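Just below is one structure, and these are the notes that go with it.
The values are calculated or read from the model by the stated rules, or taken from the named source; none is laboratory data. Bear in mind that the values here come from a model prediction, so they are computed numbers and not experimental data. For neighbour counting, all protein chains shown are included, and Cβ atoms are generated from backbone atoms with ideal geometry for every residue, glycine included. What goes into the accessible areas is simple: the full protein's heavy atoms, side chains included, and nothing from ligands, DNA or RNA. Shrake-Rupley method; radii C 1.70, N 1.55, O 1.52, S 1.80 Å.
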Amino acid sequence: MARKALKLASWTGMALAASGVYLYSNNYLDPNDFGAVRVGRAVATVHLRSARRLCELCCANRGTFIKVGQHLGALDYLLPEEYTSTLKVLHSQAPQSSMQEVRQVIREDLGKEIQDLFLSFDDTPLGAASLAQVHKAVLRDGRTVAVKVQHPKVQAQSSKDILLMEVLVLAVKQLFPEFEFMWLVDEAKKNLPLELDFLNEGRNAEKVARMLKHFDFLKVPQIYWELSTKRVLLMEFVEGGQVNDRDYMERNRIDVNEISRQLGKMYSEMIFVNGFVHCDPHPGNVLVRKHPDTGKTEIVLLDHGLYQVLTEEFRLDYCHLWQSLIWPNMEKVKWYSQRLGAAELYPLFACMLTARSWDSVNRGISKAPVTCTEDSEIRSSVANYLPQISQLLSHVPRQMLLILKTNDLLRSIEATLGTRASASSFLNMSRCCVRALAEHKKKNASSFLRRTQISFSKALNLWQIDLHELGLRAKGWRLACWVSALLCWLFPIPH
């Protein structure tokens, strides 16, 4: 045990400390002496070496470390590409438990052997994640199920891992004051106990299924409570392809643009309207399929262990901020960014939220599509702002951290599907913001007349967004654009 702790401390210390070397490089490598290109390569080399060490550390220690590595790998536009591209493999290459360990967990939690519970049980897991793995099985009554089994040592080891991580991050903070990683440890402390309770995951799944039941394209697998515990979760088995698998969609005649629009609608509804957000939409947790009976395209949402519950104040401020970003109002962008903890770093905060340049933010993110050049410039400049990003992440509300992760995972899916240049995702967000703000006003309205006015204004604003989208699709249908502009002047969309 002592040898493992020493090895762990050594590897973690090297991995975290190495991430600070770029600061040294920026301060002491003069482009006039070495050339800007050479300096950039030197810094990129440091990032890549550090990222690989961190990835090795996560794989070696499994459990909590895999989970934290996955979180970092999802922060595309917040961390240098060398880190995110290296750590992304942890989403699909997490270590597996042996069948002996799987049998042990099922025996301890359900009180029976696998052969007594199932007609068949596939030894090879469908997928392995940081905390658990999933096997396909058939129950005695013939139902085909997915069995999620927690890795046996995760529960006991997690608290020790977090404590060690906290000590080491504090040590790195002493060496590199500008780097603040405590937000990551704080998030692990808060979220890991929830993710380790599979009964909580089952409740989340049923809650989001009820909340979004009006979306006929959404499928949330049914939970089988009679054979579920804190470490074993049985659910309906649903087949499909990963949401970033274009080949699968082409073979099954699934429209990638439709999937992208539906995904945007679903998450906008969670964030802006309900304030209950699925925070782990990496491709392994979001499947697509044609319904075997109806042939209708469906999105299958899996892994409901991690949800963010937004306070009403945060949710409404976030609605106002996005409205100000979509229909540009820089004064309100500054005001609501600062309300959400960005202080004077609000331009950086706006760029992090939208993954757009400050110039695009000023012009209006719904008015100009993202280009490959802009995308590349943003990625290449992340390393230059890492101290400011670190400072910002340590000051924004804790709710914002998982929202940022969710945003980046969704953008990554859009980029893979080739739908990121579309403005429809922003317009869907705007629709949800309009509805959420109107409902809040109606709830606090004192008269029937005022509630009627609010409802009329909401309908008009939604119509205006529809016309704006129609004008964008028509590309030159001047009447639609003219009517949209006139409505915008007469009845401005609320920020």
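Mind checking which residues of region 111-143 are under 33 Å from the mean Cα position of the chain (by Cα), farther than 23 Å from THR64 by Cβ and surrounded by fewer than 18 Cβ atoms within 10 Å (Cβ to Cβ)?
So the first thing to find is which residues in region 111-143 are under 33 Å from the mean Cα position of the chain (by Cα), and the list is 121-138, 143.
Adding the requirement that they be farther than 23 Å from THR64 by Cβ leaves 121-124, 136-138, 143.
Scanning region 111-143 gives ASP122, ASP123, THR124, LYS136, VAL138, ARG143.
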* Could you pull out the residue among ALA188, ALA205 that is in contact with a Pro (Cβ under 8 Å, 6 or more places away or on another chain), over 21 Å from GLU108 (Cα atoms), open to solvent by less than 70 Å² (accessible area, probe 1.4 Å) and not basic (Lys, Arg)? => ALA205
* To do: State the number of residues belonging to region 319-342 that are open to solvent by 10 Å² or more (accessible area, probe 1.4 Å), part of a helix (DSSP H, G or I) and among the polar types (S, T, N, Q).
  => 1
* Asked: Taking helices (runs of 4 or more DSSP H) that do not extend beyond region 343-402, which have at least 3 residues that are within 20 Å of the chain's Cα centre (by Cα) and of a type in the set (Ser, Thr, Tyr)?
  -> none
* Asked: Given SER268, SER228, which one is modelled with pLDDT under 95, of a type outside the set (Asp, Glu), buried (at least 20 other Cβ atoms within 10 Å of the Cβ) and more than 17 Å from SER130 (Cα to Cα)?
  -> SER268
* Asked: If you scan region 292-308, which residues turn out to be touching a residue at least 60 places away in the same chain (Cβ under 8 Å) and either among the hydrophobic types (A, V, I, L, M, F, W, C) or more than 22 Å from GLN70 (Cα to Cα) (or both)?
  -> LYS296, THR297, GLU298, ILE299, VAL300, LEU301, LEU302, LEU306
* Do we find that GLN174 is modelled with pLDDT under 95, touching a Pro at 6+ places or on another chain (Cβ under 7 Å) and not charged (D, E, K, R) in this structure? -> no
